[in-house]
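One structure is given below, encoded as structure tokens.
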Amino acid sequence: TKDDKRFLLLGNGFSMAYNHERFSFTSLLQSAVDNGLIDVESPVYKIFQTFDTKDFEEVIKLLETSVMVLKEYGVIEKDDEKKILEDSMALKKHLVDIITNNHPEKITEVPNEEFVNSINFIKDYDRIYTLNYDLLLYWTTMKLGDAIQQKLIEKSSVRLDIADGFHDPYSETTNFVVYGNDSSSQNIFYLHGALHLFDNKYEVIKNTYSRTNKTLREQTLEFLKKDIYPVFVSEGTSEQKKTKIFHNAYLNHCYKSLKGIGRSTQNDSIIVFGTMLKSNDEHIQTAVLENKTKRIYIGVSSIDKISEFEEFINKASQARYLKEIYFYDYRTATVWR
């Protein structure tokens with residue numbers, strides 16, 4: 001019924017439906033190795049291995065902190081210091097290259113008719129949660145907002161209230177907006193962060209192209225030079241992802257929101273598109289099973305794939321709030337074309 005809430009959980013399949021080749025890579029570190037940016041014999045790669053991480057930000061900070069500590073002890077040669085700091089700077093550049101090389105540079109690269117389809121795909125949900133950190137969902141919500149403003153779409157026919165929780169922080173307009181940490185004004189949640197969100201130490205900021213006229217690549221490189229990193233959880237185990245989420249106010253808020261949706265007295269539902277909720281996203285699986293939504297609709301490519309959800313179905317049968325699980329053929333959804 002109209003009173004029942006509908007929530008959408010997006011995975012990488014949403015982006016791959018736009019362009020399979022551009023968005024099919026699974027690991028930033030592996031992508032850097034495959035593209036010859038990082039040599040597996042290099043000290044930098046060995047640091048990733050030693051600290052059991054695939055987090056570029058963590059390794060960059062390790063390199064820079066190590067130099068500071070060794071300098072204080074007077075046990076580092078100038079050449080060594082230079083080499084480590086050069087590796088740190090190279091990693092920042094690699095990070096920008098990897099996350100922007102496959103990404104459309106500007107919103108205008110995506111044809112308008114494809115945005116019409118993606119708008120129709122998202123507009124009938126009360127809230128959207130995404131595991132993707134690319135800009136495709138952000139651009140779609142911007143296009144939806146424009147369409148409503150230009151009266152191309154009646155606001156009354158759209159369930160989704162486009163609100164991501166960011167606002168102008170100061171009386172004077174700045175190049176960025178700041179996260180307000182106010183759940184009442186947020187319906188779009190980037191569970192693993194996004195490339196347009198940056199951790200500016202005491203606040204999470206969102207850079208906007210309309211205010212800066214700078215591309216994603218330019219903005220990201222500029223911020224990294226100032227040690228301001230994009231807020232995103234790229235890969236690793238579910239535990240590693242969870243650690244990063246719990247240590248970031250924005251990510252933690254988004255995760256808690258997913259865990260808290262639904263009303264036990266209603267037939268609220270969550271539609272899962274583009275993710276198989278595998279073991280490295282067990283924290284997301286847990287949030288979906290612990291919230292109060294009654295119906296879970298999961299997109300699969302074939303009936304055979306349903307068997308991969310046996311454990312999930314078993315956990316759902318023991319969940320505190322009763323769950324009904326349905327599977328649908330995700331290829332029946334027109335996402336972009």
*Subset of the range 125-180 (residues that are in a loop (DSSP other than H, G, I, E, B) and of a type in the set (Phe, Trp, Tyr))*: 125, 133, 170
*Could you list, in sequence order, all residues of the range 48-86 that are under 25 Å from the mean Cα position of the chain (by Cα) and not polar (S, T, N, Q)?*
48, 51, 52, 54, 55, 56, 57, 58, 59, 60, 61, 62
_Number of the exception - residue 243 against (1) under 19 Å from the mean Cα position of the chain (by Cα); (2) part of a helix (DSSP H, G or I); (3) within 25 Å of residue 114 (Cβ to Cβ); (4) of a type in the set (Val, Ile, Thr)_ = (3)
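Just checking, which of 213, 207 is out of contact with any Cys (no Cβ under 6 Å at 6 or more places or on another chain), of a type in the set (S, T, N, Q) and either farther than 16 Å from residue 168 by Cβ or open to solvent by 20 Å² or more (accessible area, probe 1.4 Å) (or both)? Step through it out loud before you land on a result.
On the way: 207 fails: either farther than 16 Å from residue 168 by Cβ or open to solvent by 20 Å² or more (accessible area, probe 1.4 Å) (or both).
Just one listed residue meets the conditions, 213.
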*Within the range 64-88, can you find the residues that are open to solvent by 90 Å² or more (accessible area, probe 1.4 Å) and not charged (D, E, K, R)?*
68, 73, 75
_Matching option when the condition is in a loop (DSSP other than H, G, I, E, B), open to solvent by 80 Å² or more (accessible area, probe 1.4 Å) and within 25 Å of residue 237 (Cβ to Cβ), among 46, 61, 54_ = 54
_Among the residues in the range 17-35, are any closer than 30 Å to residue 295 by Cα, in a helix (DSSP H, G or I) and modelled with pLDDT of 90 or more?_
yes
*When the residues of the range 258-280 are filtered to those that are in contact with a strand residue (DSSP E or B) (Cβ under 6 Å, 6 or more places away or on another chain) and either modelled with pLDDT under 95 or part of a loop (DSSP other than H, G, I, E, B) (or both), which remaining residue is farthest from residue 132 (Cα to Cα)?*
261
*Long-range neighbours under 6 Å by Cβ, at least six apart or interchain, first residue over 15 Å from residue 128 (Cβ atoms) and modelled with pLDDT under 95 within the range 150-169, second assigned to a helix (DSSP H, G or I) and open to solvent by 60 Å² or more (accessible area, probe 1.4 Å)*: none
_Restricting to the range 5-36, give me the number of residues that are exposed (fewer than 15 other Cβ atoms within 10 Å of the Cβ) and within 22 Å of residue 271 (Cβ to Cβ)._
1
*Return the pairs, sorted by first residue and then second, in which the second residue is among the charged types (D, E, K, R) and open to solvent by 80 Å² or more (accessible area, probe 1.4 Å), the first residue lies in the range 112-124 and is over 14 Å from residue 158 (Cα atoms) and in a helix (DSSP H, G or I), the beta carbons are less than 6 Å apart, and the residues are 6+ apart or on different chains.*
114/337
*Within the range 129-136, is there a residue that is under 30 Å from residue 40 (Cα atoms) and open to solvent by 30 Å² or more (accessible area, probe 1.4 Å)?*
yes
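The values are calculated or read from the model by the stated rules, or taken from the named source; none is laboratory data. Owing to the predicted nature of the structure, the values given are computational and were not obtained by experimental measurement. Virtual Cβ from ideal backbone geometry, glycine too; neighbours counted across all protein chains shown. Ligands, DNA and RNA are excluded from the accessible area calculation, which covers all protein heavy atoms including side chains. Shrake-Rupley method; radii C 1.70, N 1.55, O 1.52, S 1.80 Å.
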